[in-house]
Structures are given as structure tokens and as C-alpha cells.
Amino acid sequence: MFLDSIQTCKKKWRLHVLLFTLAFFAFAYFHQGGGWNQNSRFAMVRALVEEGHPWIDSFLIYQRSPDGAKLRRTPVHDGKFVDGGKTRVLLWGDSNGHSLPVNGQVVGAIRALDGASNSLRLQVTKGAPAEVPVVLTPATEIRRGSTALALGDLRESNVVTAECVLDELGRTIANKINVTDDAEPPDVGFVGIGEVAVSGDVAFYGGHFHPNKAPGTSFAALPAYFLIYHLERAFGADPDEWWTLTRNAWLTSVFSVGLFSALGVVVFFALTLSLSGGRTLASAFATIAFALGTMFFPYGTMLYEHNLVTVALLASIFFLRRTRDFGSTVFSSQLSARQTVFSLYLGGLFAGCAAITNYIIAVIVIFLALYVALAGRRKDGLLWFGLGLLGPFIAICCYNAFCFATPFTTNYSHQNPQFSGGATAALSVLVSPRWDVLMAILISPFRGLFFSAPILLAGIHGLVVLFRSRSGRAEAWLILSSVIFVLLFNMSFNAWAGGWTTVPRYLAPAVPFLALPTVFAFIRFFKTTCTFAALSLAVMLLTTTVDPQSPVGTALTVRGKPAWQYNPLTQYEAPLFWTGRAGPFFREMEASAIEYFAHQLQQKDLSPTERDQQIEQFRQYVAHQIASGEPAPLVLLSSTGTADPPYGLAATTLTAVKGPVSANSMGAYEGWMGRLFPASSSEARWNSFNFGELFFPESRWSLAPLLFGCGALGWLAVRIARQIDSKMMETRSAREL
């Protein structure tokens, strides 16, 4: 009996290693290329390692070197940079297209004064006719040096520096005006931050740029990039060389998000074992379904925060569950007092790490605290849990104080106004909950959680089982409250769709809570649950293989089509995988563009024959551009103000996107594809890749090593899980006899 127990322990250890290896191999297999979200985080990682500070001014703008073969970084100072000997001022703006210099300083010569409306017009660059209207308020301070002035003291031709903000109507409001001694406005150029920077997901404070995200993800990636950078430096590698930069972005993600995600899979397995009473096979199936059949898979391959938050929450629940007032099925005996205290501390530590990686998790931390207070076996449990929280709390306060001059703020307070939800939005982003959004993020093909991962439906059954179980009721309440909160947040978030994605990524914190109870569905309805799992695995494999950052429904839209009718899976992922082009959806966009073009021609004095000829010429031109992968006028943009017509056609370069695999051609050094290297270049093509493409470039065959490796590891894991369950059944039968 003792030898059997030793063998079972060895098999359990082997199973944990197999599940880790399976997950890590799958996550490390892919590099998904660049994007605003991950680019801003990687820029912060580089800044911390290479320059020793958290602002990303030196890693925001890359340009081609004169010989065209390398990249060079262009430093940014106070929202400005020098290009070709000329100063360029970075602009950003609100969602309606109104723009303002990032540093808030409008420098120009007064060309008109209007005392009645308390406004003036500034010529903002030398020799340019364009003027910017600036509105003054009763609180606006006007000074020349240390001398206070009134509006009447200003004169036309005065050169002033106006410190401004955009109000809710898009007006440029001056908080302060300084009259200078300059004779004319500076000779500068203006450029939108999205046109030149690696990301628009930024915040600006005190003359410096920062990611507009919680810093936890960048902190987690620091050790990996530190080792990579210094190792490459010993061999004389240039970190700004195109391939080195791309490779480093991949490896940094692999050994941070990918590594922690694989460890999280092992923690998930341990939790399912604990919840199910040691059902190893069902726990193994639930774990594989979670790892590769939910959004945990694609986000395990990118430098996003979602998986790090998930892993931290799983670790917190794991350690807190150990402190419950019943003997754990994972451990052979009750914990000692010292072990209980340490587990409570670690539960708080991991909960705090989740909160500084995504600030909304602070609410789930409260739920975890209630779990400790109501289900723990120590009266001082909250104290030790709170001590664990203290470390991450101090870390985020120090970060905020260093970057934003106060410990009690967030990056979002200083972020790009493009993401603001307006004056009525709480915290600038939260509005009233929308029930149509709830349907969209749960069941629609556009962002439906259960559409992209039907295995999570099985979690509902498991949740019912937990509620019926006295020993699992505390976990059931924790799961239910956390899922409801995440749903309410996404329903109330002004950017609820999540930008470029195929899944409802803002529901990521709810995924582990819904996935854990699926173990009970594998126990009760094995074949049906396996079917749901197989569908989920297929969807997530396709999404991860082609491009998890689908632009369908966001950057690619059809006029008048509601969001819930878009289907990134069938309109983008599947066509790219099978045909290499997203042809059907571009043809739908083409029809919409032609319809709009024809409508505009009706406003002109043309004969029917002339109108038909122009429509046919436009149709042929658009079809040719789509077929050749060149920019095509397919995007309908709303005009601002009272412009007529209210819409305009704009060209999109997304027609250059090609499959069948690794479709994203955006690099870690750019905020839009094709900005530095042509879409057809090898540099652009290798901005995203999977490991198999080293042998089968741009081919579906590149998936063969992944499928073989994961298939073999999964088969071994299931085989060992069956053996463990069989041995446990024999042991239980022997004890009963």
C-alpha cells in the first residue's frame, strides 16, 4: 500500500509537469505581432531595463535609418520631437476628432480677439494660415512673466502660450495664458500621435509619456527582458535592429505572460482537484479545456494583462481555499497554524498583484476578503490577508507618486482623451449599464463569451452543483459575485467591445470563475461536455493561429450594421485561414461603399449615364484594390461639426492583410501596419509568426508541430489521469473491504 502511494504521488507530479509543458509549448509557439496595447507595455519594459525609469519617451517613435535597413529611435521631449531638423508637436484628441497638443500648450500669435465671447484665435505656426480658436473662462489666468493681465491687455500679434484642455464640446479651453516676447509663432509641424507612435494607449503627465494601463504587466515582464537584453548585449546585438526587436518582444512575452500562464494552468488543475474531491481525469479535461479552449489561449501568447490577472486570482483562491475549515483533498492533512498564516498572506499577495495589473480587480479583492472572513478558520484571517495586500499596494502607490506626483491616482486620469466617456461617465469611462451589451458579450457572434468558448456553458451546471454542496457553497458565492461584477463592468464600460479582438476580452477575469466548475460537468455529462470542449478548442486554435486581434466590427465596419451582427470568426479568421484573404467581408464593405458613393452622386448634376459610368469606374477601382491588397476606399468616417456630407470615404490598408496564418503585420515598433515597412516586405510578414513557420513559412502546415506536440502531451496527461483515478478507486475499494 505504501509503495502504491509513492507511485501515485509520482504520477501526480508527472501529470502536473505534463500539463505545464503542454500549456507552455502552446503559448510559446506563437508571436502575435504588435498592437497599441502590448506595444506601450513593451516600451515601458525597455525603458525600465535600458534607461532605469518608467516613462517611454525614448521608445515611442521609431523611424527607418537612412540606409533603410535598420530602425532608429526618435526621442520625445515634452510631447515634441525633431524630424528632419523640424520640430513636430504630437497631437491627440477626443472621439469626435477634435485635437490638442499632447502637452496642452497651444503656442501662437493672436490674430483675432473677441471680448464678447471671451475667445481669441491663434496662428499656431509660422507662415501658416490655419488658426486655432481658444476659449477663455472666468478662471483663465493671463500673465506676462509675474505680471497679471486682463483680456483687454492682450493685443493682436502678441505671441502667447496657452495651457489648454478640451471640453466636452471639443472646444479648446485655456486655463492659463502666458504672453511671451517672441515676434512670431514657432516654425513647427503637427502630427497625430497615432500616425507616428508605437501606440495611442498612453498617458501624459509632467512632460513624460506612460502606458495608460496598470503597470503590473510591465513589472512581470521585467526579469525576462532584463536577462534577454543583457545576454544579447554581451554578444553585441543591437536592440533596435528590426529582427532583434521583434524577437525580443516575442521572448519577453513568452517568459512572462506565457510562463505565468502555464504555471496558472497547474494551479487551475490543483483547484479543480480540490473542488471535485480528487477526480483526476475530469480535472485534467477541465484544465486542458480552460487552457486551450477559452480566451486564456490567445492571451497567453501576447503581452496583455488578462492572463496575469487570471493566474493571480487563481493563485489567491488556491491559497485561501487551503485555509478553509475543512481538510483539503489536495493535501493529506490539515495545515499547521504557521502554514495557514502563510497561505492567507500569499492569498492577499496574489490578490494585490492582480489589482495592480488591472485596477477593476480591486472589487474582486473585496469579495476575496469576504471569503476569508466568512469561510476561513482563523479570526485573524483578514489581518494576514491584508498584510499580503500591503506589498502590492505600496508598490502601486510608489509608482504613482513617482510618475504622477501623488500615490492616489491611476494612469487613466492622464490618458489619451480619445478613450474618455465624457463628463457623465464615472471615472471617465463608466456609463449606465446597457442590456444590449450584455447580450452582445454573452451570446452574439461579435463578442459572445459562450459563442467563442461554449465550454463555459458547462460552468453554469458546475456552479449549481457547488451551491448544492455545503463544502463548496462559499466558493459558489465567490464565483457568482465575481462573474456578476465583471459582467456589470463590461456592460457599463464606454469601450465595451474591447477594440481589435475576437473575444470579449474585458470578461477575461470571469473566465477562470466560470471554467473551474466545468469539472463537475465533465463528471456528470462527460460526452456532451467533451463536445463543447472540442468546439471551444477549435475556435480558439483558429483564432490564435490567424490573428487574435481581429479588426472586424471596429476598424472594418459596414454602415448601418449593428455590432452584434459582426462575426470575426466567419468573416475574418476562417476566410483568412482557408483562402488567405478576408474576401467575403471586404465584398460586403465594397457594396456599402458603392451604395454610399452612388448616393453622393445623386446630389450632383449628372445624367443617369454619367452617374452609372462613374459608379462602374469606382466599382472596378475598389475591386482591383482589394484583389491586389492595396489600400481601398471602404471605410465610412463621420465628419465633425456641420460638415456636408456627414460621412466621407477613407482608404484602409487592412486590405493587405493575408493569411493563412499569422495575419497581423504590425510590428512592435509601429502603431499601424505598413508605417515603416511595406506590407509585402519580409519584415512586415515576420512581425507575427508561429514557430512552425521556421519550417513551413506562411503555411497551414506550420501547425503540424503544435498539433503533434500538444496531442502527444495531452494523450499522455489523460492516460496518467486515468491511471491515477483507477488506482484511487482500487485503494478506496480495498479500504471498504
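The values are calculated or read from the model by the stated rules, or taken from the named source; none is laboratory data. Just so it is clear, the model here is predicted, and its values are computed rather than measured. Don't worry about glycine lacking a Cβ; one is built from the backbone with ideal geometry, like all the others, and counts go over all protein chains shown. When the accessible area is computed, the model is the full protein with side chains, heavy atoms only, and any ligands, DNA or RNA have been set aside. Shrake-Rupley method; radii C 1.70, N 1.55, O 1.52, S 1.80 Å.
Just a few scattered comments:
- The long axis of helix 242-253 is offset from the longest Cα principal axis of the chain by roughly 40 degrees.
- Close amide H contacts of Val635 (hydrogens built in the peptide plane, cut-off under 5 Å, sequence separation of 5 or more or a different chain): Ala650, Thr652.
- Evaluated with a Cβ-only charge set (Lys, Arg +1; Asp, Glu -1), the stretch 644-726 carries a dipole of roughly 320 debye about its Cα centre, given to the nearest 20.
- Summing +1 for each Lys or Arg and -1 for each Asp or Glu among the other residues whose beta-carbon sits under 9 angstrom from that of Asn248 gives +1.
- Charges were assigned to the Cβ only: +1 to each Lys and Arg, -1 to each Asp and Glu. The resulting dipole of the chain about its Cα centre is roughly 3380 debye.
- Rolling a 1.4 Å probe across the protein heavy atoms gives the chain an accessible surface of 43 Å² per residue.
- Between Ala538 and Gln600, the modelled labels are 4.2 nm apart [label points 7 Å from Cα along Cα→Cβ].
- Ranking Phe268, Ala237, Leu606 by Cα position along the charge dipole of the chain, where only Lys, Arg, Asp and Glu carry charges on their C-beta atoms, puts Phe268 farthest toward the positive end.
- Relative to the Cα centre, the charge distribution of the stretch 144-241, modelled as +1 at Lys and Arg Cβ and -1 at Asp and Glu Cβ, gives a dipole magnitude of about 420 debye.
- Whole-number percent relative contact order across the stretch 447-606, with pairs defined as alpha carbons under 8 Å at least 6 apart: 25 percent
- Across the stretch 375-382, computed HN-Hα scalar couplings (Karplus, 6.51 cos²θ - 1.76 cosθ + 1.60, θ = phi - 60°) run 10, x, 9, 10, 5, 9, x, 5 Hz from first to last residue, x flagging Gly and Pro.
- Net lengthening on full extension, Val188/Trp715 (0.36 nm per residue, minus Cα-Cα): 183.4 nm
- Computed from Cα atoms, the angle from the helix 306-321 axis to the main principal axis of the chain rounds to 40 degrees.
- Accessible area of Trp686 in the full protein assembly, 1.4 Å probe (Å², nearest 10): 60 Å²
- Along the axis of the charge dipole computed for the stretch 421-518 (Cβ charges of +1 for Lys and Arg, -1 for Asp and Glu, origin at the Cα centre), the listed residues Gly498, Gly448, Ala476 are led at the positive end by Ala476.
- Entries in Lys12/Lys527; Lys80/Lys126; Lys80/Lys213; Lys126/Lys176; Lys213/Lys658; Lys527/Lys727 that, when Cα-Cα distance is taken, lie over 26 Å: Lys213/Lys658
- Comparing Cα centroids, the stretch 210-262 and the stretch 96-120 end up 42 angstrom apart.
- In order through the stretch 649-655: 3J(HN,Hα) via Karplus (6.51 cos²θ - 1.76 cosθ + 1.60), integer Hz, x for Gly, Pro: 8, 10, 7, 10, 8, 5, 5
- Label point distance in nm, Arg64-Leu169, each placed 7 Å from Cα along Cα→Cβ: 4.5 nm
- Gain in span if fully extended, Ile394 to Val363, counting 0.36 nm per residue against the direct Cα distance: 9.4 nm
- Given charges at Cβ of Lys, Arg, Asp, Glu: the chain dipole, positive-most of Val437, Gln63, Phe585: Val437
- For Leu370 and Phe525, a Förster radius of 35 Å and the Cβ-Cβ distance give a FRET efficiency of 0.65, rounded to the nearest 0.05.
- Surface share of carbon and sulfur [accessible, 1.4 angstrom probe, percent] for the stretch 106-184: 49 percent
- Identified option (computed mean projected area of the Cα convex hull in nm²; candidates (1) 37.7; (2) 35.3; (3) 46.4): (1)
- Each residue was assigned an accessible area with a 1.4 Å probe, and for Trp477 the value is about 150 Å².
- Rolling a 1.4 Å probe over the protein heavy atoms leaves Cys353 with an accessible area of roughly 50 Å².
- Computed in the context of the full set of protein chains, the accessible area of the stretch 456-554 at 1.4 Å probe radius has 70% of its extent on carbon or sulfur.
- Once the Cα-Cα distance is subtracted from the 0.36 nm per residue extended length, the Arg14 to Lys379 segment shows a gain of 127.7 nm.
- In degrees, nearest ten, helix 526-546 long axis to first principal axis of the chain (Cα): 30 degrees
- Estimated 222 nm signal from helices in the chain, with DSSP H stretches of n ≥ 4 weighted -39500 (n - 2.57), rounded to 500: -15000 deg cm²/dmol
- Nonlocal amide H pairs with Ser119, under 5 Å, H built at 1.01 Å: Asp114, Leu136
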